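Below: the structure, in structure tokens.
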């Protein structure tokens, strides 16, 4: 008897993070991940990335688990979602990141951003990270602030030309 698991997920679906975590921690993980991997249509996966960008700890956990199942394109989307999440929940996001991930995420890993998008990302992330006061995360905070400021200086010069 052949059993086929199918997860029919609409892009507009109200995601249940606890249900997703249960699936990702079960023997259905691969089937679930395959059901949300983008083919020609990125709407479902983009919807999931938006949830991760929120900085909610459970959605961040979803992102961390998904990293084990990704290829290059999906991995890039997750990395950018984590970078976007910093401004929404900097202490939790930086706590789960390695030093390398902090450095990369705070280097403004946006793909061809407009000046307005770039400025919003940098300024909102700088503001959020500056408010952090956890001694345990002081090195990651310093790394992030340094990378954000370097990116800001680089782009100020580039847009001035």
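No value in this document is a laboratory result; all are computed from the given coordinates. Remember, it's a predicted structure, so these values are computed and weren't measured experimentally. Don't worry about glycine lacking a Cβ; one is built from the backbone with ideal geometry, like all the others, and counts go over all protein chains shown.
Couple of notes before you dig in:
- Mean shadow area of region 91-161, taken as a quarter of the surface of its Cα convex hull (nm²): 4.6 nm²
- Most to least packed among 146-156, 42-52 [average Cβ atoms within 10 Å]: 42-52, 146-156
- When Rg and the Kirkwood radius Rh are both evaluated on Cα atoms of region 19-161, their ratio Rg/Rh stands at 1.00.
- Virtual spin-label span in nm between residue 65 and residue 35, 7 Å along Cα→Cβ: 1.3 nm
- Nearest 10 degrees, 0 to 90: helix 57-66 Cα axis against the chain principal axis: 70 degrees
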